[in-house]
Structure formats: C-alpha cells, structure tokens
1. Filter segment 262-298 for residues that are under 12 Å from the mean Cα position of the chain (by Cα) and part of a loop (DSSP other than H, G, I, E, B); which is farthest from T71 (Cα to Cα)?
2. Among the residues of segment 354-393, count how many are in a strand (DSSP E or B), under 27 Å from G283 (Cα atoms) and out of contact with any strand residue (DSSP E or B) (no Cβ under 8 Å at 6 or more places or on another chain).
3. Take S151 and tell me if it is under 21 Å from L249 (Cα atoms), within 16 Å of the ligand (Cβ to nearest atom) and in contact (Cβ under 8 Å) with a residue 60 or more places away in the chain.
4. Out of E192, E173, which single residue is more than 27 Å from D120 (Cβ to Cβ) and more than 16 Å from the ligand (Cβ to nearest atom)?
5. Taking segment 231-261 as the region of interest, how many residues are away from the ligand (no atom under 14 Å from the Cβ) and not in a loop (DSSP other than H, G, I, E, B)?
6. Since P136 meets every condition but one in (1) loosely packed, with under 15 Cβ neighbours inside 10 Å; (2) within 16 Å of the ligand (Cβ to nearest atom), which condition does it not meet?
7. Restricting to segment 101-123, name every residue that is away from the ligand (no atom under 12 Å from the Cβ) and aliphatic (A, V, I, L, M).
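The values are calculated or read from the model by the stated rules, or taken from the named source; none is laboratory data. Please read these numbers as outputs of a predicted model, since none were measured by experiment. As a convention, Cβ positions derive from the backbone with ideal geometry for all residues, glycine included, and neighbour counts pool all protein chains shown.
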Amino acid sequence: TTADWQRLDAAHHLEPFTDYKELHAEGVRVVTRAEGVWIEDSEGQRILDGMAGLWCVNVGYGRRELVEAATAQMTQLPYYNTFFKSTHMPAVELARVLADITPEGLNHAFFNSSGSEANDTVCRMIWHYWDCMGKPWRKTIISRTNGYHGSTVAATNLGGMRMMHKQNRVWPEFQHIEQPYWYHLGHDMEPEAFALKAAGWLEEKILEVGPDNVAAFIAEPIQGAGGVIVPPPGYWAEIQRICHKYGVLLVADEVICGFGRTGNWFGSDTFGIAPDLMPMAKGMTSGYIPLSAVMVHDRVAEVLIDKGGEFFHGFTYSGHPVACAVALENIRILNDEGIVQQVGSDTGPYFEQSLKALADHPLVGEVRAVGLVGAVELVEDKARHLLFGDPGSSHKMGRVGFMCRDHAVKDCGLMVRAVRDAMIFSPPLVITRAEIDDMMSRFKQALDLTAADLGR
Ligand code: PLP
C-alpha cells in the first residue's frame with residue numbers, strides 16, 4: 001500500500017533538497033507511472049506535469065523509441081570507457097550532432113552524467129585553459145546571485161543561492177553579481193536601461209577583481225531555478241561586449257534552456273549569445289537517462305589540444321554509450337517531429353499569452369515567459385511591486401508560493417514549482433494547446449484558493 005512505501009521511504013531514503021521531518025509528517029507521494037504530460041501516483045491521482053519532471057522531460061513520458069534505442073545499445077555494447085585511447089560510435093555520433101545543432105564554432109563535446117558534473121568540468125577546463133595561456137593564470141569565475149549550476153562542491157560555489165553556501169564557504173575564486181531581476185530590482189527604470197545597469201555590474205566586478213584575474217563569466221540564458229528571470233532586452237549584448245573587452249570567457253549554462261525550451265534549440269540562439277563553453281544536460285535525453293555535455297568552442301579547444309597535454313579530468317560514465325544512444329534518438333524525435341519549431345511558433349506564444357491573461361489576478365505581480373518556460377510572480381501589493389517578504393510585507397517570502405503550490409498539486413492536480421513566490425512552469429515540449437488550457441484553468445483555481453486563504 002501507499003502507507004507501506006511511505007514507511008519504507010521514511011526509514012531508508014534521504015531525498016535531495018528535502019526537509020525530512022516535514023516530508024515524514026506529510027507522507028511522500030509515490031509516483032508510479034507517466035504518459036504524455038501526465039504523471040500518476042500510487043493512489044491513482046493523475047497530475048498534469050507542468051514542470052516536465054525537473055525541467056527535463058522535453059519529448060514527454062512514455063516514448064517507446066527511447067526505450068528501444070536504449071535496449072538496442074545495451075544489447076550491442078552496454079558500456080565501455082572513453083579513457084584508454086578508445087571511443088565508441090554513439091559518443092562520436094552524438095558529439096557530431098551536437099556540433100551541428102549548437103551555435104557556430106562549438107564543435108567539441110566533453111561528456112559527463114549530470115548538469116553539476118558538466119559545470120565541474122567547465123571550471124576545471126577553464127582553469128586548464130588559462131594555465132595553457134601562460135601567466136597571469138586567471139582563476140576568478142564570476143556568476144550571479146540565485147544562479148543555479150548544480151550541487152557538487154564547485155557547482156555550489158558557482159551557484160548564487162545563499163542557502164546552499166551554508167555548508168561550504170564560497171571559495172575566493174568564485175565571485176557573484178546581482179541577477180537582472182527587473183521586477184524586483186529595476187522597475188523604476190525602463191527595462192532597456194536596467195539591462196545596461198545590470199550588465200554593468202559585471203564590469204564593476206571585473207574591475208574590482210582585476211581584469212587579469214578574471215577567467216570567465218557563467219550564466220543561464222534565462223535564470224531558471226532562480227525564478228525564471230528573463231533578461232531585459234539588451235542585457236546579453238552588453239554582457240558579451242564586456243566579456244570581449246576584458247578577454248573573459250563566456251559560459252552559457254544551457255542545462256534548462258537547451259533542447260527547445262525557449263523555442264530554439266538553445267537559449268543562446270534565442271538571445272544571440274555566442275559562448276565559449278556551453279554546459280547542457282536534462283532535455284538532452286529528456287531525462288530518460290542521465291547524460292550531460294560541455295560543448296567547447298574551437299578557439300578554446302584548439303588551445304587545449306595544442307598546449308594542454310593530458311587533461312587530468314573525466315568520469316567512468318563520460319560518453320556512456322547507452323545514454324548517448326538515447327540522446328541521439330531524443331534529438332531525432334525533437335527534430336523529425338518539429339517540436340522545437342512548434343514551441344517557437346505555436347505552443348510557446350500560446351502559453352505566453354495564456355499566462356499573461358493571469359496578470360489581472362489580485363495576487364499576480366508579473367508574468368514572465370519565453371517559449372515553454374515561465375513564471376507567475378505572486379506579490380503582496382501590485383501597485384508598489386511589493387514582494388511577499390519585502391520590508392513592509394505581512395507575509396514571509398516563500399510561504400505564499402508554497403501555499404499556492406500545495407493547492408495546485410493536491411486540490412487541482414497540477415505540478416508546479418514554487419521558487420520563493422514565483423510559480424514556475426516548464427511543461428513537456430509536446431504539450432498541446434488543449435493541455436495548456438487545462439494547465440491554466442487548474443492553476444487559476446489554485447490561485448483563487450490561495451487568494452481565499454489570504455482573505456483576498
Ligand atoms: N545548471 C542548471 C542551469 C540547472 O538548472 C541545473 C539543475 O537544475 C544544473 C546545472 C545541475 O544539473 P544536475 O541536477 O543534473 O546536476
């Protein structure tokens with residue numbers, strides 16, 4: 001029974017990002033199966049998955065082709081490493097395909113299993129690159145407040161989430177600047193003017209650290225787990241101007257934005273970013289099997305190949321053949337079914353328009369959306385742009401968001417995520433217009449229930 005699984009789970013399983021006492025008191029949800037955009041639990045409740053798992057099930061659940069690709073590869077060659085001057089066809093073929101679909105010049109792939117590992121690779125590769133370039137050996141990597149780049153030690157340092165810095169102090173090699181969060185930090189300015197100001201924080205930080213010390217800047221094209229912070233127009237162009245001016249490498253973390261999420265293959269295509277390094281994961285296999293890559297630009301790879309000697313870095317599962325075979329089939333599906341184009345020209349704009357229709361709701365301060373990723377920011381006072389938890393607010397930040405999420409999941413059968421009080425959407429990219437309508441009506445109901453709890 002569900003209760004048996006809950007008891008066993010509480011006795012033996014430590015889930016990630018979980019308050020165990022709270023979970024054990026509530027009882028964990030046991031998810032048993034999934035199909036299309038729906039998940040189902042052991043009590044038979046069907047839930048529309050507005051988060052595509054964790055921003056990853058891009059082609060939706062239940063795709064037999066991915067199972068068959070994994071089975072065929074497992075039968076032929078289930079595993080071999082890529083260390084011993086050996087390679088295998090799935091890894092080589094995937095590297096070639098990734099070089100084809102990523103922006104120009106990103107022609108070299110380094111494989112890992114997770115987004116966090118990809119970002120560890122990014123750090124070590126950047127330091128290796130600057131070591132090859134001779135003195136001064138640039139070490140500082142700049143990232144952004146509330147950026148999320150993973151949970152390994154290096155990725156936690158890169159990330160800008162304060163609660164994640166409790167266990168390990170941030171190493172001095174890692175520096176952070178504020179996020180381009182117009183609604184919260186810049187609404188007294190035009191978005192374009194705020195974009196220049198926010199990008200200018202990077203230049204200030206480079207000058208503070210000393211340009212000869214700054215190795216790289218890393219950011220997500222749209223900051224995902226930080227609350228779906230969509231950069232205001234002009235932000236990325238100015239960031240790139242600053243990176244070029246000081247010879248700082250640019251890393252676009254595409255772990256969420258990649259593989260069609262923003263209506264193009266990569267968020268970098270949507271925002272005109274030409275990165276030196278591009279970590280990616282999640283949607284690469286639609287989450288069916290763990291795999292990540294770092295795509296490396298010719299201008300970096302040539303230095304590593306020419307001057308680097310052995311790069312003392314890698315993983316047992318770098319370029320795992322089964323994971324690569326699944327990624328190849330997943331990319332074929334995205335391509336052959338025109339899913340990326342559909343997000344760009346049809347379901348993405350429809351989703352954006354549907355989400356924007358909620359802007360008049362008394363709890364909604366801002367709606368942000370690009371392609372099939374979006375957020376609805378719940379606020380205490382719309383006129384003053386006052387977030388819950390701001391000085392002068394009567395509610396703790398995060399409380400209202402969690403209230404709304406609980407109503408969505410338990411009362412309305414919709415999985416959404418609360419990042420503080422931003423309600424996050426990132427549904428499978430195969431979602432139809434009718435399913436978007438369904439998702440929105442469930443969410444509207446959750447908003448109304450939350451407003452009723454707050455006496456609005
Ligand atoms: N980078 C970004 C932008 C992410 O959103 C995430 C995970 O959500 C990661 C990296 C870490 O990926 P993983 O959880 O696969 O280690």
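1. Per the criteria, the residue is T262.
2. Within segment 354-393, residues that are in a strand (DSSP E or B), under 27 Å from G283 (Cα atoms) and out of contact with any strand residue (DSSP E or B) (no Cβ under 8 Å at 6 or more places or on another chain) number 1.
3. Working: under 21 Å from L249 (Cα atoms): no; within 16 Å of the ligand (Cβ to nearest atom): yes; in contact (Cβ under 8 Å) with a residue 60 or more places away in the chain: yes.
Judged against the criteria, S151 is not a match.
4. Working: E173 fails: more than 27 Å from D120 (Cβ to Cβ).
Answer to the selection: E192.
5. 14
6. (2)
7. Step one: of segment 101-123, the residues away from the ligand (no atom under 12 Å from the Cβ) are 101-111, 123.
Matches in segment 101-123: I101, L106, A109.
Per-residue answers, yes or no, for (1) β-branched (V, I, T); (2) in the same structural domain as M161 (by TED's automatic domain parsing); (3) touching a residue at least 60 places away in the same chain (Cβ under 8 Å):
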position	(1), (2), (3)
E329	no, yes, yes
Q353	no, no, no
A359	no, no, no
R368	no, no, yes
G371	no, no, yes
L378	no, no, yes
L386	no, no, no
C412	no, no, no
M415	no, no, yes
